[in-house]
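Colleague: Sharing a structure, written as C-alpha cells. Questions coming.
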Amino acid sequence: LIQAICEGPCHSTSNPCCSFLGVLELRAPLELQGAGYTTAAPRVMEQNWLSLAWDKTLDELKGQEMRPKEYAEWYSERPFDVRMTLLSPSNYSLMLKNDLANRANVTDMRPDAEECTRYQCRHCKKAFSFHSMTSMAFKRHEENCPKSRTCEHCCQVFKSPLQLLGHQNICDKSAALRCEFCSERFGNAAQRKSHVETCEMNPILWCDWCGLKFPHHFLRVKHQRACPKNPARSCPHCHEHFASRAAALVHAVFCHKNPKSPAEGVTCAACCEEGQCIRFPCRAHHYCSDCLFEQIKVGLADRSRFPLRCCGREVEAGDPVDLAVAQMLSESSKEKYQQAMLLKVSSKVMYCPQIACGALIALDHIASSQASGPHGCPKCQQALCFTCKSEWHAGMTCGHYQFMSAQNKDAITKLCRQMNW
C-alpha cells in the first residue's frame, strides 16, 4: 500500500513521507487499523492538518461550495501533488457537514461591520468568505500580501516590510521630501527643512503689510514690529500713523472721531496746549493723553502715586479717567494698574498662595458665613480658604492648619540658618 500510494522523494517503506502519513491517518484509518498499523502523529496534528487542508481546499474552490458528489468529480481531475494538499471527498463531506451545523446554530448569518472588516485584507481589500475556518487563510494572506510591501509613492515592491520602511525615508517621489511651497524635491528631510526656512515662496518671509521679503523669518518679525504700515501703529478712527503701538493706542482713546471717547477739546492744565483732554474728578482741570500717560508711568514705578488725584480728589474705580487709563495700557501694565487700584479701594485682600499664580483677590464682597467654604482662585482656579487666607485644608480647621504650617515654616527657617542661607 505504501509503495503504491507514496510518490514522495523517499520511495521507501521504512521512511514514508510526511504527506503520506497524513493520507494514512485521514483517508484509510480502518484498513490500516485492521492491518495492525498505529500512527505516531497525535490527534492535535490531525486537527491542524484538517484546518490547513480545509483552508487550501477553500482557496482552490475560490469560495464556491460544492456538493460532495461534485467535489469528488472535481477532486479526481486534480493532479496527484495537488490532491495531497486537499481534503479527500469523505473528509470534505465531514467538514462541510460540520460547517453547515455551525451555520445552523447562528441566529443571524449576516455578519456585522466588525466581522466584515475582520475578513477583508487591509492592504488589497480582498474579501474572504464568511466561514468558521477561513481565519488562518486570511492571516496568511495579510502577512504575505504584495501590497503590504509596496511603496505608496513609487509603487515599488520589496521583499520585506523592513526594506519598505527603509525605502520610504528616501523615496524621491514622497511628498514628505518635497517643499510645500515651490514643490522642489530633496534627498532627505534635513535638506527639505533647511530649504523651507529660506524658500522665496514661503509666506512667513514676507511682511504682512508692506510686502517686503526677508531672508529669515526672525528678521521679518523684527521688521513687522516697526513697520510703518502696521495697522496696530495707526488709529482705527482717524487712521493717523504713529511711531509706536503705544502712542497709537493712547491716541485712539482720546481721538476726536472716537464716539466713545470721554475727551473734550480744551486746554491741558499741565502742558497748556489745546487738544483732546479728559476731565479729572475735581471738575476744574483737564489733562491731555500725553500728560495722563506720564502720570501713569510715574504711578507704576511708585505705587504711592495711585490712585491718580487732582486738587485732593482721587480717581475712583469705574470713573471715566480710570476706564480711559485701562484702555491706554498694555495687558501687563493694565494688570499692575488694576492691582494697585484694588489695594487702595479694598480693605480685605489676599494673594493666591500658589507661587506660579500670586493673583490679588478682594474679599470685601465675601460674607463671613461664606468665607469658610472652598473658593476658587479667579486666575488659576486653586481651591482657597478665605477665612485663614490660605489654600483649602479639607478635614482640618483653620487653627489646626495654621499650627501645622507654622511648624513646617519653623523647620525650614531653622535649616536655612544652619546652612547659613
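Colleague: Sort out which residues of segment 67-93 are polar (S, T, N, Q) and either under 14 Å from Trp54 (Cβ atoms) or open to solvent by less than 40 Å² (accessible area, probe 1.4 Å) (or both), and write them in order of number.
Modeller: Selection gives Thr85, Ser88, Ser90, Asn91, Ser93.
Colleague: Turning to a different aspect of this structure: Every residue in segment 208-256 that is closer than 18 Å to Val325 by Cα and among the basic types (Lys, Arg), please.
Modeller: Arg245, the sole residue that qualifies.
Colleague: Take the conditions over 38 Å from the mean Cα position of the chain (by Cα), modelled with pLDDT of 75 or more and not hydrophobic (A, V, I, L, M, F, W, C) and apply them to Ser51. Does it pass?
Modeller: no
Colleague: Does segment 204-242 hold any residues that are among the basic types (Lys, Arg) and over 23 Å from Ala252 (Cβ atoms), and which are they?
Modeller: Lys213, Arg220, Lys222
Colleague: Could you pull out the residue among Cys227, Cys238 that is open to solvent by less than 40 Å² (accessible area, probe 1.4 Å), in contact with a His (Cβ under 9 Å, 6 or more places away or on another chain) and part of a loop (DSSP other than H, G, I, E, B)?
Modeller: Within the list Cys227, Cys238, the selection yields Cys238.
Colleague: Let me ask you something else. Against the conditions (1) farther than 30 Å from Ser289 by Cβ; (2) over 32 Å from the mean Cα position of the chain (by Cα); (3) of a type in the set (A, V, I, L, M, F, W, C); (4) open to solvent by 50 Å² or more (accessible area, probe 1.4 Å), where does Phe218 fall short? Just the number, please.
Modeller: Phe218 satisfies all of (1) farther than 30 Å from Ser289 by Cβ; (2) over 32 Å from the mean Cα position of the chain (by Cα); (3) of a type in the set (A, V, I, L, M, F, W, C); (4) open to solvent by 50 Å² or more (accessible area, probe 1.4 Å) except (2).
Colleague: For Asn144, all conditions in the list (1) at pLDDT 65 or above; (2) open to solvent by less than 40 Å² (accessible area, probe 1.4 Å) hold save one; what is the number of the exception?
Modeller: (2)
Colleague: Of all residues in segment 375-389, how many are over 16 Å from Gln402 (Cα atoms) and open to solvent by less than 80 Å² (accessible area, probe 1.4 Å)?
Modeller: 6
Colleague: Can you list residue pairs whose Cβ atoms sit under 7 Å apart, with the first residue in segment 171-183 being under 14 Å from Thr198 (Cα atoms) and in a loop (DSSP other than H, G, I, E, B) and the second being aliphatic (A, V, I, L, M) and open to solvent by 50 Å² or more (accessible area, probe 1.4 Å)? Count only pairs 6 or more apart in sequence or on different chains.
Modeller: Once the first residue is under 14 Å from Thr198 (Cα atoms) and in a loop (DSSP other than H, G, I, E, B) and sits in segment 171-183, its partners that are aliphatic (A, V, I, L, M) and open to solvent by 50 Å² or more (accessible area, probe 1.4 Å) give Phe181/Met201; Cys182/Met201.
Colleague: Out of all the residues in segment 304-322, which are in a helix (DSSP H, G or I) and surrounded by 14 or more Cβ atoms within 10 Å (Cβ to Cβ)?
Modeller: Within segment 304-322, Arg305, Pro320, Val321, Asp322 meet the criteria.
Colleague: In segment 195-209, how many are loosely packed, with under 15 Cβ neighbours inside 10 Å and touching a strand residue (DSSP E or B) at 6+ places or on another chain (Cβ under 8 Å)?
Modeller: 1
Colleague: Just name the residue that is modelled with the lowest pLDDT out of those in segment 127-141 that are open to solvent by 80 Å² or more (accessible area, probe 1.4 Å) and under 17 Å from Lys56 (Cβ atoms).
Modeller: Met136
Colleague: Another question, if that's okay. From the list Arg245, Arg185, which residue is basic (Lys, Arg) and closer than 24 Å to Ser333 by Cα?
Modeller: It is Arg245.
The values are calculated or read from the model by the stated rules, or taken from the named source; none is laboratory data. Since the model is a prediction, treat every value here as computed from it, not as a measurement. Positions of Cβ are generated from backbone atoms using ideal geometry, with glycine treated the same way; all protein chains shown enter the neighbour counts. When the accessible area is computed, the model is the full protein with side chains, heavy atoms only, and any ligands, DNA or RNA have been set aside. Shrake-Rupley method; radii C 1.70, N 1.55, O 1.52, S 1.80 Å.
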